[in-house]
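Worksheet for the structure shown next.
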Amino acid sequence: MDRADRMFYAFIPSIGNLLVVISAITMFVRWPLSAELMVTALIISLLAGIRNAWDMIVWIITRSPSRPQFAWLTLKGEPPTMGA
């Protein structure tokens with residue numbers, strides 16, 4: 001696992017979660033910039049989640065075996081139907 005993966009899978013989501021907790025505390029004490037802090041925390045979490053989902057999909061695709069060959073593609077006639 002390289003450094004970027006470690007940052008996006010552990011460090012950056014932890015920062016986002018920590019900012020959500022801090023924002024909740026600042027909302028409780030009615031700090032004026034608490035809403036902006038919450039927005040920042042949620043955007044950090046969203047971007048980290050999008051990046052991690054993209055990374056996982058690329059990892060799955062690059063490590064998947066080749067596509068299965070369907071026997072009915074080489075047969076003459078109609079392909080089999082579901083439930084018939």
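Brief remarks follow.
- Pair list, Cβ under 9 Å, 6 or more apart: segment 22-39 residue surrounded by 10 or more Cβ atoms within 10 Å (Cβ to Cβ), other residue of a type in the set (Asp, Glu): SER23/GLU36
- Residue count, segment 16-32 (criterion: within 26 Å of ARG51 (Cβ to Cβ) and of a type outside the set (Val, Ile, Thr)): 6
Computed from the coordinates by the stated procedures, all read-outs in this text should not be read as laboratory data. Everything quoted here is computed from the prediction, not taken from an experiment. Here Cβ is always computed from backbone atoms with ideal geometry, including for glycine, and neighbour counts include all displayed protein chains.
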